[in-house]
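Let me begin by presenting the structure, written as structure tokens, before commenting on it.
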Amino acid sequence: MAVQLNDYIKENQLIVNQAIIEIVERMNIPTTLKNSMLYSIKAGGKRIRPILMIASAEAFGGTRDDVLPVAVALEMIHTYSLIHDDLPAMDDDQLRRGQPTNHIQFDEATAILAGDALLTMAFQVITEAKQLSAEQKVTVINRLSIASGSSGMVAGQILDLEAEEKQIDIAQLEQIHQLKTGELLIFAVEMGAYLAGASQTERLAVKQYGHHIGLLFQIQDDILDVEGDQIKLGKQVGSDQDNEKSTYPKLLGIDGAIKVKEKNVAMAIKLLEEATIANSMLASLVNYISDRDA
Ligand code: GRG
């Protein structure tokens, strides 16, 4: 199964990358802006959100082509969020995916505009998708604007920024990640199922699956950060006093974080079993996300 999953991931990464690049290339965009957008699109990235959407559609009898424009739109929004997250006014990061961040490679104004352009282009791509009905477009745009906007990802981002200045508990941490990361992952699997014609009950099951995926994704992200810090600084877990930001390993200890992650793995798998789609790629992706090393 491991090799099969790797092939599946690679193939879908390739198709999604080709589709995004082709769309941006063919649009009439001023050169610097286009270069800046393509720079972040081509910088790598796991494409986990589009892959989850494709796997969810396939689990309910749909195909990659049924959802490709929506998967592309979703990755455009994810890319915009990373460009803006790296800006000096937010996380102020110099590197992303091992390369200079967009505002370092270009400049701040260009990076802001590249993010804005990717965000708005996402909705253009959905409206122009030939394989979607008018009703499907409205439903998808409604869900995507909620998941990425001021009640979803943007809400999570401001709560996260505010949390840097105070102590938060595990429930608050979970709420931040649910909004900041979880909502887009839930969107991916729910809309994949919807576009494949899944029933309301099936959509509810994958939404809950998406919730657990969001949590275990974030916990693994925090664990990878700890491991990265240890390698960089030669320090023991929990001894990094420079970074006071609340994370799962900080609040629960590394073993506690792993336990919560494993609980979410089990719950995600159980939901797939109950929905009789445990033999789909969605199951393999649980372990891939939980055990990923980047
Ligand atoms: C700027 C509105 C706005 C939101 C930013 C997504 C986000 C919100 C911030 C990113 C910061 C961060 C490290 C979040 C934790 C989890 C996360 C989303 C990691 C990056 O996603 P991956 O691992 O990235 O899917 P790749 O590089 O594979 O695309």
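The values are calculated or read from the model by the stated rules, or taken from the named source; none is laboratory data. Please read these numbers as outputs of a predicted model, since none were measured by experiment. So basically every Cβ, Gly included, is an ideal-geometry build from the backbone, and we count neighbours across all protein chains shown.
Only a single item in (1) of a type outside the set (K, R); (2) in contact with a helix residue (DSSP H, G or I) (Cβ under 8 Å, 6 or more places away or on another chain); (3) more than 12 Å from the ligand (Cβ to nearest atom) is not met by A134, and it is number (2). Within 14 Å of the ligand (Cβ to nearest atom), surrounded by 13 or more Cβ atoms within 10 Å (Cβ to Cβ) and part of a helix (DSSP H, G or I): does that describe A117? So A117 does not fit the description; no.
For L185, the test of being at pLDDT 95 or above and farther than 22 Å from V16 by Cα is failed. Please work out if M153 is within 15 Å of the ligand (Cβ to nearest atom), touching a Ser or Thr at 6+ places or on another chain (Cβ under 9 Å) and either among the charged types (D, E, K, R) or closer than 30 Å to Q172 by Cα (or both). Yes, satisfied.
When the range 252-294 is filtered for residues that are surrounded by 13 or more Cβ atoms within 10 Å (Cβ to Cβ) and hydroxyl-bearing (S, T, Y), the ones remaining, listed by number, are S280, S284, Y288, S290. Would you call L195 surrounded by 16 or more Cβ atoms within 10 Å (Cβ to Cβ), under 26 Å from I54 (Cα atoms) and either in contact with a strand residue (DSSP E or B) (Cβ under 6 Å, 6 or more places away or on another chain) or among the aliphatic types (A, V, I, L, M) (or both)? Yes; evaluated as a whole, the condition is true for this residue.
Those helices (runs of 4 or more DSSP H) of the range 1-73 in which at least 3 residues are within 16 Å of the ligand (Cβ to nearest atom) and surrounded by fewer than 19 Cβ atoms within 10 Å (Cβ to Cβ), considering only elements entirely within it, cover 2-26. Among the residues in the range 165-178, are any outside any helix (DSSP H, G or I), more than 14 Å from the ligand (Cβ to nearest atom) and buried (at least 18 other Cβ atoms within 10 Å of the Cβ)? The answer is yes; a qualifying residue exists.
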